[in-house]
1. Tell me the Kirkwood radius of the chain: reciprocal of the mean inverse pair distance over distinct alpha-carbon atoms, in Å.
2. If I take R0 = 25 Å and measure r between the Cβ atoms of Val5 and Ser121 in this structure, what FRET efficiency does the formula 1/(1 + (r/R0)^6) give, to the nearest 0.05?
3. With an 8 Å Cα cut-off and a minimum separation of 6 or more residues, compute the relative contact order for the chain in percent.
4. Provide the per residue accessible area, probe 1.4 Å, for region 20-121, rounded to a whole number of square angstrom.
5. Build a GNM of the chain with springs between Cα atoms under 10 Å: which of Ala60, Ala23, Ala91 gets the top mean-square fluctuation?
6. Rounding to the nearest 20 debye, state how big the charge dipole of the chain is about its Cα centre with +1 on each Lys and Arg Cβ and -1 on each Asp and Glu Cβ.
7. Report the chymotrypsin sites (Phe, Trp or Tyr not before Pro) located in region 1-106 that are in a DSSP loop and have at most 15 other Cβ atoms inside 10 Å of their Cβ, or state none.
8. Under a 10 Å cutoff between Cα atoms, tell me which one of Gln44, Gln81, Gln13 has the largest fluctuation in the Gaussian network model of the chain.
Amino acid sequence: QVQLVESGGGLVQAGGSLRLSCAASGSIFRINDMRWYRQAPGNQRELVATVTRVGSTNYADSVKGRFTVSRDNAKNTVYLQMNSLKPEDTAVYYCNAAISERYYSVSRTYWGQGTQVTVSS
């Protein structure tokens, strides 16, 4: 069984910073792309950032220059450093990973349980 467990959410004032972590555990052979999504009340879930296995990154326009995604392959962990936070960043943040459990397995997508980020004005 593969699990993704997020941590690091909380309440912060506008202009502040938070760092989210998401650790994968269980039967893991290889982790490919790792992503962060977010979902605000009444909105659809949106892709925030992606990091490939070799460290290439991509960001939503709304977070470019403020958020940084990174990963530690030895720890099966992805991070999201969020700076200059705005009230509109308030959402539940979810991590997502494409994971192969065996060398012969196709990768499957797994989701974390989500962590709340609230930015006060």
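The values are calculated or read from the model by the stated rules, or taken from the named source; none is laboratory data. Please read these numbers as outputs of a predicted model, since none were measured by experiment. Glycine gets a Cβ as well: all are built from the backbone with ideal geometry, and neighbour counts include every protein chain shown. Just so you know, the surface numbers come from the protein's heavy atoms only, side chains and all, with ligands and any DNA or RNA stripped out. Shrake-Rupley method; radii C 1.70, N 1.55, O 1.52, S 1.80 Å.
1. Details: mean 1/r = 0.0691 Å⁻¹.
Taking the inverse mean of 1/r over all distinct Cα pairs, the chain comes out at 14.5 Å.
2. Values: r = 30 Å, r/R0 = 1.20.
That gives a FRET efficiency of 0.25.
3. Values: 303 pairs, mean separation 43.5, N = 121.
Once normalised by length, the contact order is 36 percent.
4. On the way: 5290 Å² over 102 residues.
Here the residues of region 20-121 average 52 Å² of exposed surface.
5. Looking only at Ala60, Ala23, Ala91, the biggest GNM fluctuation is shown by Ala60.
6. On the way: 13 positive and 8 negative charges, 51 e Å.
The calculated dipole for the chain is roughly 240 debye.
7. Numbers: sites: Phe29, Trp36, Tyr37, Tyr59, Phe67, Tyr79, Tyr93, Tyr94, Tyr103, Tyr104; in loops: Phe29, Tyr103, Tyr104.
Listed in order of number, the matching sites are Phe29, Tyr103, Tyr104.
8. Comparing Gln44, Gln81, Gln13 in a Gaussian network model of the chain, the most mobile one is Gln44.
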